[in-house]
Amino acid sequence: MNLTQADQAMLDGSFGPVVQKAMRMVAALGKIFGANELVPVGSAQVSGVSYKNLGDAGLEFLEEWAAQGARVRVPALMNPAGMDLERWREMGISAEFAARQQRVVAALTTMGVTATCTCTPYLVGYEPGAGEHLAWSESSAVSYANSVLGARTNREGGPGALAAAIVGRTAAYGLHLPERRKATHLIDVSCALAGPADYGALGYWVGGQVADGVPYFRLHAPGRRPEQEELMALGAAMGASGAVALYHIEGVTPEAEFARSALKDCAPTRLVVRDLAAAFAALNSPLEHIDFVGLGCPHCTLADIERVAALVKGRRVRATLWVTTSRGVAARARESGAVDTIEASGARVFADTCLVVAPVEELGFRAMATNSAKAAFYAPTHSRIERRFGTLEQCVAAALSGEWPPQDAVAGSGSCCA
Ligand code: F3S
């Protein structure tokens, strides 16, 4: 691998032992994946922030690096933590978990990583430009940055993203290279898609088929252009059921035209999606009673939160309802009055965390409803909780009644195939 003088100096230890360790990590990844060089990154997004996932070994690793003087050279952002850093008591989080979680955030903050605690940094001022190299690590954030914004990032592991932030560079392999961004699978979707839950179900199914391929979607049913929340849901689900870090949608995403060239050059695997019934069925346990409703995976947009507020306005929830988002979006929703409306119903808007990385299984919940295919995919294994998956309207109806509603009983449920 060709290293610049500065790269080599870091590797030789001229910038100190912790920079040397970080550069060794970045260079080793480059060697494993056959990179020819390192490229500068505009930002890093570091996953493995939740103490639930990190454990004591991860916490000690971060504290050791912070104590040794590791400092980031480029803007670096934290993925969600295991709790709302301010309102963790209201979530039912134990003092012991909270103390360790705070140590994780403190160690990262010492190294210069900003406590954005979100998988949607692009909603709070960190929107990378097209073609910009990144070292992001949370799968939905990686998918959005690559596919919707046209930036270039592999799905880094948490330590790899931190190391890249410390040296300001990453190895140029995988999705940093234009030829690896061409489509590998052609996905013809003939059914209508009517909201984020449908896009999530589609993503769940396609992710299971294409693994780490690059799907190219053609949406044939007449309809509107996909909205931001729909693109977020699609990418999040494909990153969960598969390892998709980049997708293209004809006429929608910025590199779709370029990606088409691969379709001409070779005969890619073609898949046809005629309905989503099997995907919805796979993500639904046969539950009627619901005690927990989780919205915000990926973290809610302001529009999502305002939709929830309109649905619960003047009513009381029977099940626990969490709306999770970034602190930046929560502040905007507070200004708009949406947070007060939601919380007057008994629901809560929590920042910094999400229903997957919070220790939900320790809070006594048994039956969850969510509008996130990603969260529904992980619930039985990651949080040991059964789940219902449907639209935001269905989920809010479940929170209000404590029962999973029949599909046709919910105005605006919208899904064509559930
Ligand atoms: Fe984000 Fe947590 Fe879901 S990190 S994509 S809200 S699992």
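The values are calculated or read from the model by the stated rules, or taken from the named source; none is laboratory data. In this text the structure is predicted, and so the values were computed from the model without any measurement. Counting neighbours? That spans all protein chains shown, and the Cβs are built from the backbone with ideal geometry, glycine included. These area figures cover heavy atoms from the full protein model, side chains too; ligands, DNA and RNA do not enter into them. Shrake-Rupley method; radii C 1.70, N 1.55, O 1.52, S 1.80 Å.
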Q: Exactly one condition in (1) more than 16 Å from the chain's Cα centre (by Cα); (2) open to solvent by 10 Å² or more (accessible area, probe 1.4 Å); (3) within 14 Å of the ligand (Cβ to nearest atom) is not met by residue 47; state its number.
A: (1)
Q | Residues located in segment 296-318, provided they are hydrophobic (A, V, I, L, M, F, W, C), assigned to a loop (DSSP other than H, G, I, E, B) and surrounded by fewer than 24 Cβ atoms within 10 Å (Cβ to Cβ) | A | 317
Q: Give just the number: which of (1) crowded, with 22+ Cβ neighbours inside 10 Å; (2) without any contact (Cβ under 8 Å) to a residue 12 or more places away in the chain does residue 27 not satisfy?
A: (2)
Q. If you take the residues of segment 244-267 that are open to solvent by less than 50 Å² (accessible area, probe 1.4 Å) and touching a Lys or Arg at 6+ places or on another chain (Cβ under 7 Å), which of them is farthest from the ligand (Cβ to nearest atom)?
A. 261
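Yes or no, residue by residue, for (1) open to solvent by 10 Å² or more (accessible area, probe 1.4 Å); (2) farther than 27 Å from residue 365 by Cα; (3) at pLDDT below 95:
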residue	(1), (2), (3)
57	yes, yes, no
69	yes, yes, no
72	yes, yes, no
83	no, no, no
94	yes, no, no
97	yes, no, no
103	yes, no, no
106	yes, yes, no
112	yes, yes, no
Q: Tell me which residues, restricted to segment 366-380, are surrounded by fewer than 24 Cβ atoms within 10 Å (Cβ to Cβ) and more than 10 Å from the ligand (Cβ to nearest atom).
A: 366, 367, 380
(Q) For segment 162-242, give me every one of the strands (runs of 3 or more DSSP E) that falls completely inside it and has 3 or more residues that are open to solvent by less than 30 Å² (accessible area, probe 1.4 Å). (A) 185-189, 215-219
Q: Would you tally the residues in segment 137-158 being touching a strand residue (DSSP E or B) at 6+ places or on another chain (Cβ under 8 Å), within 15 Å of residue 49 (Cα to Cα) and within 14 Å of the ligand (Cβ to nearest atom)?
A: 4
